[in-house]
Amino acid sequence: MLYEAFKHEIEYYINNAEFDEEELKQIDELTEGDINDIANAMINDGELTSELNNCIAWYINKRLGGQL
């Protein structure tokens, strides 16, 4: 599920970020495999996973505390 969410966010970023001409050429050459590789790298990034877990816990605690 998280993998699919990351893929969605990567595609959203690609479609909405501003790139210079050289970057656009490289973006146009990205394949589905490249997107998968990026999503896999994100999944396997221990620091990102830790920060994501901290963020989830923070929002759950806000909700439990009646602040959300």
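Before moving on, here are some points about what is shown:
- Taking Cα centre as origin and charging only the Cβ of basic (Lys, Arg, +1) and acidic (Asp, Glu, -1) residues, the dipole magnitude of the chain rounds to 840 debye.
- Karplus 3J(HN,Hα) series, Hz, for the range 4-17 with 6.51 cos²θ - 1.76 cosθ + 1.60 (x for Gly, Pro): 5, 5, 4, 4, 4, 5, 4, 5, 4, 4, 4, 7, 10, 7
- Using θ = phi - 60° and Karplus 6.51 cos²θ - 1.76 cosθ + 1.60, couplings along the range 43-60 (whole Hz; Gly, Pro as x): 4, 8, 7, x, 5, 4, 4, 4, 5, 5, 4, 4, 5, 4, 4, 4, 5, 4
- Other residues whose C-beta falls under 15 angstrom from the C-beta of Tyr12 contribute a net charge of -3, scoring Lys and Arg +1 and Asp and Glu -1.
- Converting phi to 3J(HN,Hα) with the Karplus coefficients 6.51, -1.76 and 1.60 and the offset θ = phi - 60°, the range 27-35 yields 4, 4, 8, 5, 9, 4, x, 5, 4 Hz in sequence order, with x at every glycine or proline.
- Projected label distance in nm at Ile27 and Tyr59, using a 7 Å step from Cα toward the beta-carbon: 2.5
- Averaging 1/r over every pair of different alpha carbons in the chain and inverting the result gives a Kirkwood radius of 14.0 Å.
- Full-extension gain in nm, Asp37 to Glu9, via 0.36 nm per residue minus C-alpha separation: 8.7 nm
Throughout, read-outs are computed from the coordinates displayed, never taken from laboratory work. The model shown is predicted, which means the values in this text are computed figures rather than measured ones. Neighbour counts are summed over all protein chains in view; Cβ atoms, including those assigned to glycine, are modelled from backbone coordinates with ideal geometry.
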